[in-house]
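The values are calculated or read from the model by the stated rules, or taken from the named source; none is laboratory data. Quick caveat, the model's predicted, so the values are computed rather than measured. Glycine gets a Cβ as well: all are built from the backbone with ideal geometry, and neighbour counts include every protein chain shown. Accessible surface is based on the protein model in full, side chains and every heavy atom, while ligands, DNA and RNA are left aside. Shrake-Rupley method; radii C 1.70, N 1.55, O 1.52, S 1.80 Å.
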Amino acid sequence: MVGHLVGQCKNDKRKYLYKGLEYSGAALKKLLGAKWTRCRTLKMQYIQVDVAYKGTPLRLFFTRRHGNTSERLLLTTDQSLSFTKAFDIYAIRWTIEVYFKESKQLLGLGNCQSRDFDAQIAAVTICMMQYLTLAHQKRIGSYHTIGGLFRECTTGHQGATEPTHPGAHEAASAGNRAGLQHRPRRNHGKATQRRPVQQQADNHPVRTDLRRPSRQLGKHNIR
């Protein structure tokens, strides 16, 4: 079984053999003209051409996004691959990059200070097992990133509450609805009852015998 290469290449001055003549990447794209093929699945455009480089057959894909002028060069040694299949295989590389980044920053990959070879192997293995567990949890029941799951596992979930019985949420909702129904309505534009005077501190008691000063008795008030 022969292995093949799929990767991204710089569109520099290296020469590719095409129909008996050598062309650079830019000259080869200019020779092919505006033969862009539209890929609706990936929302991209590409130019496909089979060439040879130092005796190795290659398939080149000049790619660009819709509405974007920047172009990238994708190549593979398997000339039977379509653009969609080659792009899907190359996209797997991104998950590997994410694994190394998050494992080093969050799980301590490579921070083992032991000088024993078996301990180094064990540390890397445990780190990979932790990452696989977090990734599995993310896929089946969480929309958090791996970093968010890692923080929850180490510091605890901040928003955790005491477990309740299955009907607790329904009962609370019913109680809230009942409270809303019996809530007194506000009388807009009408006289409302005065609120009772709140009790102040012990060293400053409130005088409860204060009343509105009555009118002085005069001859007009004598019955």
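All conditions in (1) touching a helix residue (DSSP H, G or I) at 6+ places or on another chain (Cβ under 7 Å); (2) in contact (Cβ under 8 Å) with a residue 60 or more places away in the chain hold for residue 49, with the sole exception of (2). Residue pairs whose Cβ atoms lie under 7 Å apart, sitting 6 or more positions apart in sequence or on different chains, and linking a residue in the range 18-29 that is touching a residue at least 12 places away in the same chain (Cβ under 8 Å) to a partner that is in a helix (DSSP H, G or I) and surrounded by 14 or more Cβ atoms within 10 Å (Cβ to Cβ), are 18/28.
Mind checking which residues of the range 1-33 are of a type in the set (A, V, I, L, M) and more than 22 Å from residue 86 (Cβ to Cβ)? Break it down stepwise before answering.
First, the residues of the range 1-33 that are of a type in the set (A, V, I, L, M): 1-2, 5-6, 17, 21, 26-28, 31-32.
Listed by number, the residues that qualify are 21, 27.
Of all residues in the range 19-75, those that are within 29 Å of the chain's Cα centre (by Cα), of a type outside the set (D, E, K, R), within 17 Å of residue 6 (Cβ to Cβ) and open to solvent by 70 Å² or more (accessible area, probe 1.4 Å) total 0.
Is the range 90-100 home to any residue that is closer than 30 Å to residue 20 by Cβ and either surrounded by 15 or more Cβ atoms within 10 Å (Cβ to Cβ) or among the hydroxyl-bearing types (Ser, Thr, Tyr) (or both)?
Among the residues of the range 90-100, at least one is closer than 30 Å to residue 20 by Cβ and either surrounded by 15 or more Cβ atoms within 10 Å (Cβ to Cβ) or among the hydroxyl-bearing types (Ser, Thr, Tyr) (or both), which makes the answer yes.
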